[in-house]
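Beneath this line is the structure, given in structure tokens, with notes to follow.
The values are calculated or read from the model by the stated rules, or taken from the named source; none is laboratory data. The structure displayed is predicted, hence computed values, not measured ones. Neighbour counts run over all protein chains shown; Cβ positions are idealised from the backbone, glycine included.
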Amino acid sequence: MSLMRILVIEDDREAAGYLVKSFREAGHLADHAADGLEGYAMAREGAYEVLVVDRMLPKLDGLSLIGGLREQKVETPVLILSALGQVDDRVKGLRAGGDDYLAKPYAFSELLARVEVLARRRAGAAGETTQLRVGGLELDRLAHTLTRDGKDIPLQPREYRLLEYLMRHAGQVVTRTMLLENVWDYHFDPQTNVIDVHISRLRSKIDKGFDPPLLHTIRGAGYMIRDGAR
Amino acid sequence: MTALANLFRTTAFKLSLAYLLIFSIGAGVIIGWVSWNVRRLLDEQIAATVEAEINGLSEQYARGGIRVIVDVIERRTRQPGASLYLVTNFAGQAIAGNIAQLPPGVLDQPGVRETTYERQGELGVERRALARIFLLPGGFRLLVGRDLEDREALRRVFSRALLTSLFWLIVIGTIGGLLVARRVLRRVDGMNDSVRSIMSGDLSRRLPLSRTNDELERLTINLNSMLDRIVELMKGLREVSDNIAHDLKTPLTRLRNRAEEALRTAQTPDEFRGALEKTIEESDTLIRIFNALLMIARMEAGSEIEGKTDFDAGDVARDLVELYEPAAEDAQMRIETDIASGLTVHGSRELIGQALANLIDNALKYGASPNADHPSIVRVSASAEGGQVLLRVGDRGPGIAASEREHVLGRFVRLEGSRSRPGSGLGLSLAAAVARLHNGEIRIEDNAPGLLVTLVIPAAAAPPVHTDKTQADRTQVDKTNERSEKTTVETAR
């Protein structure tokens, strides 16, 4: 993933410091704003790819901040961080103009994966192309067919959607909850290994008998489809 | 003084004042009406008497002339209680009668009128009379009248009656109002005392009852049952927080021990890394438990959730079966489905999805057939029945003894034999909370063999009508609709 400019708007110094440090370690540029008004000003001025906004902020709360930015036609993708991890809080957050929502406490790997996907979505990199290609794997989104090195691979509808999501985010880490959200459209925490089993089936279809393997497990985070040759 | 001021400010006293005003006006109207009617009656009688006398006198004049009339009048004026008479000649000089003085001009116009006069022998005393003036041939004028003293006396009696009754009405009304107000105020003050002591922490206290069975009493009874309910809820809340404290402490202790042990014994970076990874895993479990608890608590608080929609519960069942099928196969189990179509419910697709996911998850974890000859089959079915949508998950596992079925819905309950497996004991509690939030319920039954768990959700009151449906289909939908409305109301009770 190429370098991103990220603005963290979070009033808890320690949490913010941890986030900024972790983003920098992951190779991104990260700034910090400690309250809603400062965050609002910085988000309007600076050219950020992604905003990470805490819901409860002094001076201007997170949802109003997002509403204000959207009113000013600032369309920078926003990930909302919230201590209120309830179903309807998420609905409220997204309705207010947020693009993604993560409940505290979270794993940084989950946050990073989501932030990278948001930034990429904005860049429009893998948006509307009809052909998705990773290594020798080719997915035709019009004909709904998949080939690897020229050989047809039949897929179930759900496997198709799973692979399509992975390939649209090729080179990015995709977490289990992101898969459940985007492929199945449910937002709860998949407690057991249900997603892993789906992935291992998919892997046996697209990687078995081919070289190099394309679908990788990223330990402690999720999955990534990537051209191993690179 | 403030006590008295309080008394004057009470609703009861203000109501008494309002009634007092209404009754005073009523009394005034009645007495006024009676006196007006009596007066009219008297006036009519006087007019009739005067009329009769004038008729008689004018007949005698026709027969015997002025002299006869003068004689008759002089005779009559000597009798006690006599009427008033005055005869004048063409020059306006009095020739007979008992009237000494009249206001000027009274005799000019014939007809009936009320006038003042002075009687002969008591000059200077002005009296009132009703009189008729009559023209006799030959320029004579005849006045016959009656004194109005009786009528005036009657008027005085009536006005005195009116004043007296108003006076007593006000006195009695005010005192009565104050008494009633004081009685009500005393009861309300008693209630206030109790409420204050309840607010300051004495939750066992209740509002005093008066055994009158009036509206205040019924209000008191309701307030008391509300207090009972609050105490009950608070007790439940305390129990929950005790449970939470207890059940979070166990994994927290484990987490701490593991970190401590790593500090003590780990030597290589790999060992440290391993210990840290375990620690993160452990804290993730904690977070999950915490989230589930919060979610249950939030739903049980009964607050309305956002994001409710009409959706097909069958689609949710199909989604989840599809999600869990590979995991089931890995566990050497098979999922069978029997999912009807058009099972519209109104609610949170997320929550109902999660509840059903928990049920399927449980079936996969604990529903393996104990008998190796029988295949482990999990059966997921969705159907509509009497305005309700039933989402069923049945397994062929060991099941749950009838005595423990209610118990298992509680938080953190994990039956013997399941403790060794991963899980928090919150899955079924969460499903039950979701069901209650949607005015439904969870049923736990014997699947003979195995366990059958049913998530019951009322069908949506207004399922979306698809435009491509045939007329017959639409009628079907309407019928289901009517039934479901009825059931929703019943469930809501």
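Selection of segment B:182-226 for residues being on the phi > 0 side of the Ramachandran plot and not charged (D, E, K, R) yields B:GLY201, B:ASN213. For segment B:359-378, a residue qualifies if it is closer than 16 Å to A:TYR186 by Cα and either of a type in the set (Asp, Glu) or facing another protein chain (nearest Cβ under 8 Å) (or both), and exactly one does: B:ASP361.
Within segment B:22-52, track down each residue that is touching a strand residue (DSSP E or B) at 6+ places or on another chain (Cβ under 8 Å) and not aliphatic (A, V, I, L, M). Result: B:ASP43, B:THR49, B:GLU51. Residues that are surrounded by 11 or more Cβ atoms within 10 Å (Cβ to Cβ), in contact (Cβ under 8 Å) with a residue 40 or more places away in the chain and either of a type in the set (Lys, Arg) or part of a loop (DSSP other than H, G, I, E, B) (or both): does segment B:161-179 have at least one? No, that holds for no residue.
The residues of segment B:267-288 that are of a type outside the set (Gly, Ala, Ser), within 11 Å of chain A (Cβ to nearest Cβ) and under 30 Å from B:GLY236 (Cα atoms), listed by number, are B:ASP284, B:THR285, B:LEU286, B:ILE287, B:ARG288. Can you find, within segment A:200-224, the residue that is nearest to the other protein chains (Cβ to nearest Cβ) among those that are of a type outside the set (Lys, Arg) and closer than 22 Å to B:LEU276 by Cα? Checking each candidate, the answer is A:GLY220. Could you list all residues from segment A:180-199 that are more than 7 Å from chain B (Cβ to nearest Cβ) and β-branched (Val, Ile, Thr)? Scanning segment A:180-199 gives A:VAL183, A:ILE195, A:ILE199. Exactly one residue among B:GLU122, B:GLU53 is surrounded by 12 or more Cβ atoms within 10 Å (Cβ to Cβ) and among the acidic types (Asp, Glu), and that residue is B:GLU53.
Where strands (runs of 3 or more DSSP E) sit wholly within segment A:1-62, those with at least 3 residues that are within 17 Å of the chain's Cα centre (by Cα) occupy A:5-9, A:50-54. Once segment A:201-230 is narrowed to residues that are in contact with a Ser or Thr (Cβ under 9 Å, 6 or more places away or on another chain) and of a type in the set (Gly, Ala, Ser), the residue that is modelled with the lowest pLDDT is A:GLY220. Quick check, is B:LEU323 without any contact (Cβ under 8 Å) to a residue 60 or more places away in the chain, buried (at least 21 other Cβ atoms within 10 Å of the Cβ) and either part of a helix (DSSP H, G or I) or more than 9 Å from chain A (Cβ to nearest Cβ) (or both)? Spelling it out, B:LEU323 is indeed without any contact (Cβ under 8 Å) to a residue 60 or more places away in the chain, buried (at least 21 other Cβ atoms within 10 Å of the Cβ) and either part of a helix (DSSP H, G or I) or more than 9 Å from chain A (Cβ to nearest Cβ) (or both). Just the residues that are of a type in the set (A, V, I, L, M, F, W, C) and either closer than 22 Å to A:ALA221 by Cβ or in the same structural domain as B:LEU426 (by TED's automatic domain parsing) (or both), please, taken from segment B:263-288. Passing the criteria: B:PHE272, B:ALA275, B:LEU276, B:ILE280, B:LEU286, B:ILE287. One residue stands out among those in segment B:347-374 that are out of contact with any helix residue (DSSP H, G or I) (no Cβ under 8 Å at 6 or more places or on another chain) and of a type in the set (A, V, I, L, M, F, W, C): the one that is modelled with the highest pLDDT, which is B:ALA363.
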